[in-house]
1. Considering Cα pairs under 8 angstrom that are at least six residues apart, work out the relative contact order of the chain and quote it in whole percent.
2. Of Lys114/Lys154; Lys154/Lys213; Lys43/Lys267, which ones are farther than 30 Å apart at the Cα?
3. Give me the percent of DSSP beta bridges within the chain that run antiparallel, rounded to the nearest 5.
4. Mind checking which aspartates and glutamates have their C-alpha under 14 Å from Lys162, skipping anything on the same chain fewer than 8 residues away?
5. Name the residues whose placed amide hydrogens come within less than 5 Å of the amide hydrogen of Asn109, ignoring near sequence neighbours (fewer than 5 apart) on the same chain.
6. What is the distance, in nm, between label points placed 7 Å from the Cα along the Cα-to-Cβ direction at Leu350 and at His545?
7. Based only on other Cβ atoms within 10 Å, what is the fewest-to-most ordering of Leu8, Leu120?
8. Under 24 Å from the Cα of Lys613, which lysines turn up, not counting those fewer than eight places away in the same chain?
Amino acid sequence: MTLRTKVLIVSAIQVIIGFGIVISINSVNAYRDAVSQGMHLAKQDAENYAQKVSAELANARQLPEYLASMLQGLEMANRPSREMVYQLMTNLLTAAPQASGLWMLWEPNAYDGKDDEFRLDWPRHDPTGRFTPFISRVGSKIMVDSIIPIDQAKQFEAYRDKLTEYRPPYEASGWGDFYSLPKQRQRDTIIEPFPYEVQDTKMVMSSITIAIKDKAGKFVGVAALDLPLSSLQQQIGGFKPFDTGYVTLLSHGGVYVVSNDPANLAKTIQADAFPDGFLQKVQSGQTIQFERDGWEHIYLPIPLGNTGQFWSLGVSVPHAAIVESAKKARNDAILTGIIVVTIILGVLSLVLATLLQPLRRLADTMRTLSSGQGDLTRRLPIHSQDEIGQTAEAFNRFMASLRDMFTDVSVQSQAVGHAASELGGSAQKIEHATDHQAEASTSTAASVEQVTVSIQHIADSAREFEQTARTTGEQTHNGQQLASQVAGEISRASGSVFKLADTMGNLATQSQQVNTIVSVIKDIADQTNLLALNAAIEAARAGEHGRGFAVVADEVRKLAARTGEATIEIGRIVQAIQHDITQANGDMESTQRQIEEGVQLANQAADAMGAVKARTDELVGHVGIIANATREQAAASTDIARNIEKISSMSQTNRDATEEMGRAVTQLEQLASSLNAIVGRFTL
């Protein structure tokens, strides 16, 4: 891997890491900013639509507030008749196109004290006669309606004769919450959205009820406006924040007022679809923000006049949509980083190519020199005084020094070659002289060695003869003594032979007795064999019961047969012994005669050996003198031969050294030639 590649790789890694860190930091900051800005925009949208809802509700609340304030400010006696109120309410509803109904519901005799007069005024009144005016709008028509549904109004006839027993349904919780709840709370109340049927038309609406109180603050009834929710659904239900989000409006009780899914309208929210404590926060008027399933949700409270209730408007936006700008910024930053890194690396590559060109020339020159060839007059151009220029200058100085060194080496190698040639000639002359000296020394050493060997043989022979003579004298003396001892031993042996002859006679007699015993044993064996045969025959007759006895009889027969064979063999051996004893008796007699003759000869030999010993002693003395002189001459010859061998060995050593020097000179000449050839490959 080249230096340029290494620098590019390291630089690329550093630049990429640097840009990666910057892009990562910017991406994180952009992500945070995008989320913050997105939620801020979502919150702004929520605030805008919350204001619209608040304004819509406030505008709708003005009508029942006006009606309630107008009537509760009058004394009972000064209040308009019920017919006039119907007309007033009709005019007010006509001026409020957003409302679907305007109604009031008074406590018993709380309006004009004339409830009994209207107990049978059905269906505008119920059997209680209480003032419950209800003006409704169906399409473009405005009409007087009954606050009691038609199906319940059909039950009025049953109470014609017992009017006091009638219990109106609006006093009970549940269906009658539109009245019982404000009465219970003693304050203005917005009823939870509910499905309602007006003039056979079904719709979802909410009632805005205003509590009517007398001067003492006692609750005497409500004035209310029925507000269809379709207007709110149409105004904000179709809004999509960030093109993919949606808007939700929840009532105080968690009922959907506006939803992206119309099927949810007038239905209560599912608790598991929202964080814990969500509805409690809505009812307490808190701002709620949370993330679930990749969606960011923010809910803002909408205070509802003097009701103490809150509705909550929520804006829901996909998290991906919020951070889309951050992702785009990140991708743009990555693309920009890649382009910038590519440009930086390209520029760096060109700069490195220019800066490292002297180093490449240096590498090429060094590669040529390392191969054993090259121009030592070559120099690198110096274009700068930086590290590369200093390196080129140092290389030029190195090449100059190297050229001078190679020039000196060439001259010295030629001188070494000439000296080696002269030294080789001298070595050859020394080698020839050494060869002649070695040959002469070898010849002389061989002659001296032969003389030394001859003298040594003579000395050895003299020593051996002296030793032999001395040994012979001793052996002659010993022989004389031995001859005398032999004569005595032969005499004693003669007596032993006589005793042995008697013993052999006794042995012959005893062997005859053994022969008789053997004959008896053979007869017993024959009888045993016959008995065994008879037993076998009897066992065969006995059949199965005699089988074991037959086996025993057969073994006895075999034993008797072996015994007979053994007695025959013993008889032969005894006869052979008797024959040998008879022959030994004859030999004993001949031996006795020879022993007597041997005694005489031993005595004569002892006398002769005595005379030989005397002559041998004289011979030993003369041989000893000769042996001593020969030993001295042999020692002198050995020293001469040893010295000549040293001279010959030294000559051989000198010859070997001369040959080694010749080989060294030859190698030196070859090295000088090789050195000249190597130096010759360079241009000096």
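Throughout, read-outs are computed from the coordinates displayed, never taken from laboratory work. Predicted, not measured: the structure shown is a model, and the values here were computed from it. Heads up, the Cβs are rebuilt from the backbone with ideal geometry, glycines too, and the neighbour counts pull from every protein chain shown.
1. Numbers: 889 pairs, mean separation 89.4, N = 684.
Once normalised by length, the contact order is 13 percent.
2. Values: Lys114/Lys154 23 Å; Lys154/Lys213 32 Å; Lys43/Lys267 25 Å.
Beyond 30 Å: Lys154/Lys213.
3. Expressed as a percentage, antiparallel bridges in the chain total about 95.
4. Output for Lys162: Asp116, Asp126.
5. Amide H neighbours of Asn109: Asp115, Phe131.
6. Once both label points are built, they end up 13.7 nm from each other.
7. On the way: Leu8 16, Leu120 13.
Fewest-to-most ranking of Leu8, Leu120: Leu120, Leu8.
8. Counting by Cα, and skipping residues close in sequence, Lys613 has no lysines nearby.
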